[in-house]
Amino acid sequence: MPEPYAPPVQRQPFEEGRPHRITRVINTSDGDWAAHVVQDIPDSAPGPWKWTGQKPTVKVTVRTNQGLRYLIDFTLPEVTFKSTGPVTITFLVNDHALESVRYTASGEYHYEKAVPAQWVEPLKDTLLAASIDKVWIAPADGAKLGFILTRIGLTQ
């Protein structure tokens, strides 16, 4: 017979039973970023940022719809801002408008806001977008450019 031994030390369970928080953020420098693109983010040269069209959209999948926050890091370049002037960007989750924000200066921006749980279905593709009201048309090739995207996604 084996020797008797004490039961293992008992510990309190993690709060809400979920020890791991999710992060599903698409960095445009990630190797798999293009697999998440739905529209308006051209597959350009590798680098830490990408030009967008009018409504760049990506898809992500999350395990839960609780406590999610939409986040995006982007730049409104001075070269485009001189022509377009102030712009309004509407941030969307599954075609629901989270908020519209007016930007009156060029520069680097970070936007983050809580997402209503009913807008996201766990384990299904969630569409994240940012729609700019005015695009800049490049004089050289006529490309319609919105803003420079660095990252976009959902955190918990």
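With N denoting the number of residues in the range 66-116, provide Rg(C-alpha) divided by 2.2 N^0.38 Å, to two decimal places. List each step's numbers first, then the result.
Working: Rg = 12.5 Å, N = 51, 2.2 N^0.38 = 9.8 Å.
Computed over Cα atoms of the range 66-116, the ratio equals 1.27.
Just to be sure I understand: with springs between alpha-carbon atoms less than 10 Å apart, which residue in 105, 138, 114 has the highest mean-square fluctuation in the Gaussian network model of the chain?
Taking springs between Cα atoms under 10 Å, the residue moving most is 138.
Scan the chain and report its longest stretch carrying no chymotrypsin sites (Phe, Trp or Tyr not before Pro) that are both in a DSSP loop and have at most 11 other Cβ atoms within 10 Å.
On the way: sites that count: 5, 14.
Counting at most 11 other Cβ atoms within 10 Å as exposed, the longest clean stretch of the chain is 15-156.
Determine the relative contact order of the range 11-156: mean sequence separation of Cα pairs under 8 Å and six or more apart, normalised by residue count, in whole percent.
Computed value for the range 11-156: 36 percent relative contact order.
Enter the accessible area per residue of the range 46-143 (Å², integer; probe 1.4 Å; all protein chains in place). Don't jump to the answer; show the numbers that get you there.
Values: 4970 Å² over 98 residues.
Here the residues of the range 46-143 average 51 Å² of exposed surface.
So what is Rg over Rh here for the range 89-156, counting just Cα atoms and using Kirkwood for Rh? Don't skip to the end; give the middle numbers.
On the way: Rg = 14.2 Å, Rh = 13.9 Å.
Checking Rg against Rh, the ratio lands at 1.02.
Once you order the gyration tensor axes a ≥ b ≥ c over the Cα atoms, which shape class does the range 23-98 get: rounded for a/c under 1.5, otherwise prolate or oblate by comparing a/b with b/c?
Working: a/c = 2.15, a/b = 1.32, b/c = 1.64.
Oblate is the answer for the range 23-98, as a/c is 1.5 or above yet b/c matches or exceeds a/b.
Here are labelled values, [x] 11, 30, 22, 17, 12, 7, 2; [y] 10, 35, 29, 19, 7, 1; [z] 10, 36, 28, 11, 6, 4, 3, 1, 0, and one is the computed P(r) over Cα pairs in 10 Å bins from 0, in percent for what I pasted. Which one?
[z]
Residues with beta-carbon under 11 Å from that of residue 56, excluding residue 56: net charge, scoring Lys, Arg +1 and Asp, Glu -1? Intermediate results must be reported in sequence, preceding the final value.
Details: positive: 50, 55; negative: 40.
Here the charged neighbours net out to +1.
For the chain, what % of the accessible area comes from carbon and sulfur atoms, probe 1.4 Å? Write down the numbers at each step before the final one.
Details: 4950 of 9500 Å².
Ligands and nucleic acids excluded, carbon and sulfur give 52 percent.
Would you list which lysines come within 19 Å of residue 124, measuring only between C-alpha atoms, while excluding same-chain residues fewer than 8 positions from it?
59
For the range 99-126 and the range 63-80, write down the distance between their C-alpha centroids in whole Å.
Taking the Cα centre of the range 63-80 as reference, the centre of the range 99-126 is 5 Å away.
Only helical DSSP H runs with n ≥ 4 go in: add -39500 (n - 2.57) per run for the chain, normalise by residue count and round the 222 nm mean residue ellipticity to 500 deg cm²/dmol. It would help to have the intermediate numbers written out before the result.
Working: 1 runs with 7 residues, N = 156.
So the helix-based figure for the chain works out to -1000 deg cm²/dmol.
The values are calculated or read from the model by the stated rules, or taken from the named source; none is laboratory data. Every value quoted in this text rests on a predicted model; they were computed, and no experiment measured them. Cβ coordinates were reconstructed from backbone atoms using ideal geometry, including for glycine residues, and neighbour counts include every protein chain displayed. Quick note on the areas: whole protein, heavy atoms, side chains included, nothing else; ligands and nucleic acids left out. Shrake-Rupley method; radii C 1.70, N 1.55, O 1.52, S 1.80 Å.
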